[in-house]
Amino acid sequence: MRPIIILLLIFSCLAGSKPRQKQAWRLSGFAQGTSWHITYYATDSIIAQSAIDSILTRLDSSLSIYKPWSLISRFNQCEHSMEIDEHLANVVSASFSAFQNTDGIFDITIQPVTQAWGFGPIKLTKMPDTLTISNLMQCVDMRYLSLQGSTLIKRKPCVSIDVNGIAQGYSVDVLAGYVETRGIADYMIEIGGELRLKGLKYPGAKPMRIGIEAPAENEFEPSLMQRIICPADGAVTTSGSYRKFFESGGQKVSHIIDARNGFPARNELVSVTVWASDATTADAYDNALMAMGLEKALQFLQQHPELAAYFIYRGKDGRIADTASTFFDKFMSVE
């Protein structure tokens, strides 16, 4: 009779035990000149900080113009061509698509011009004149680039590239891919304000919500929270004229450079928040939409239903206002 009693006790214990519930696990650090955060929901701690740091270090070694030994820096210094890794190849391929779709507004060969405006490794003390920009623009055009397998080729030795307008989004996607290989289905990943989310928030299995920044009355002052949204699985990135700027002689110049003419974009837009299925795509188009201006940006979104966007702009009366594309509206239908 004793074995039967032991079995009954075991079954009783198993029947009374409850499955472990998902809980939040958080990681954070510093990379790419900014902070990063990962929140994932699982029954156990699955992701190691060292694994994330290792991935971000490899990405920096490929994509950072601030690292003289990186692949992108070495390509910028070469005269014709160079073998590159999958990360730089993926970013360049995505950049070609954005370049074509935006008729050249998004262009990674803008690097000499962005550097001239003070947005690069070399810090400047004065703004460039029209002649300087005109000369630099002779080296700006993605049609001077070609990617053949793992070989990146430039047709002019002066061509150099800057992928800062897409690299953080791509890095978020790389981290998301790694997290999913670990069997995690519910997470939020953010680098420098560019984020990707999937699944639900636990405990409670609730939809994830995020906040969108809005500037103060002076758009170069610290930002305020404008909207709380509940987006679908995918990515949300934001570009704003108040987030980065170059100051010289009392003038503030936005980092949003129109690659068609080499000058900072000047229009009513203050910020653009873009939703897309992946962060690489969202990151590529937020700056481009900023450079377009509100009317053209909304027209562009009508032709690209795979994207959605929320705009903060300054009206003709000087006051801050907002609007959104039709698809983005449904993300704001939460209390």
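The values are calculated or read from the model by the stated rules, or taken from the named source; none is laboratory data. Computed from a predicted structure; not experimentally measured. Every residue, glycine among them, receives a Cβ derived from its backbone with ideal geometry; neighbour counts consider all protein chains shown. The area values use the complete protein model at the heavy-atom level, side chains included, leaving out ligands, DNA and RNA. Shrake-Rupley method; radii C 1.70, N 1.55, O 1.52, S 1.80 Å.
Entry comment: accessible area of the chain is 50 Å² per residue, from protein heavy atoms only and a probe of 1.4 Å.
Taking the longest Cα principal axis of the chain as reference, the axis of helix 294-303 is set at about 60 degrees. Accessible surface ranking for Lys123, Lys316, Lys206, 1.4 angstrom probe, highest first: Lys316, Lys123, Lys206. Each peptide in 86-93, 287-294, 232-239 was scored by the mean count of other Cβ atoms within 10 Å over its residues; highest first, the order is 287-294, 232-239, 86-93. Highest mean first, the peptides 182-189, 321-328 sorted by other C-beta atoms within 10 Å per residue fall in the order 182-189, 321-328. Counting only Cβ charges, +1 for Lys and Arg and -1 for Asp and Glu, the dipole size of segment 261-335 around its Cα centre is about 320 debye. Using only alpha carbons, segment 37-152 has a radius of gyration to Kirkwood radius ratio (Rg to Rh) of 1.06.
Pairwise Cα distances in segment 110-170 exceed 19 Å for 39 percent of all pairs.
For the chain, the equivalent ellipsoid built from the Cα gyration tensor has semi-axes of 42, 26, 17 Å, listed from largest to smallest.
Per residue, the chain reaches -10000 deg cm²/dmol at 222 nm when only DSSP H runs of four or more residues are counted, each adding -39500 (n - 2.57). Annotation: amide H-H contacts under 5 Å for Met82 (H modelled 1.01 Å from N, sequence separation of 5 or more, or interchain): Leu152. A 1.4 Å probe over all protein chains sorts Arg227, Arg20, Arg196, Arg260 by accessible area into Arg20, Arg260, Arg227, Arg196, starting with the largest.
For segment 142-189, the Cβ-based charge dipole about the Cα centre amounts to some 480 debye (Lys, Arg positive; Asp, Glu negative; other atoms uncharged). By how many degrees, between 0 and 90 and to the nearest 10, does the Cα long axis of helix 49-63 differ from the longest principal axis of the chain? For helix 49-63, the angle is close to 20 degrees.
Cα extents for segment 261-335 along the principal axes, largest to smallest and rounded to whole angstrom: 31, 30, 19. For the residue pairs Lys67/Lys123; Lys206/Lys330; Lys22/Lys330; Lys126/Lys316; Lys22/Lys198; Lys156/Lys296, alpha carbon separations beyond 22 Å are given by Lys22/Lys330; Lys126/Lys316; Lys156/Lys296.
Carbon and sulfur atoms: what percent of the 1.4 Å accessible area of the chain do they account for? Within the chain, the accessible surface is 53 percent carbon and sulfur.
Dipole size of the chain about its Cα centre, with +1 on Lys/Arg Cβ and -1 on Asp/Glu Cβ: approximately 720 debye, rounded to the nearest 20.
Using only Cα atoms and rounding to the nearest 10 degrees, what angle (0 to 90) does helix 164-181 make with the longest principal axis of the chain? Once rounded, one gets 20 degrees.
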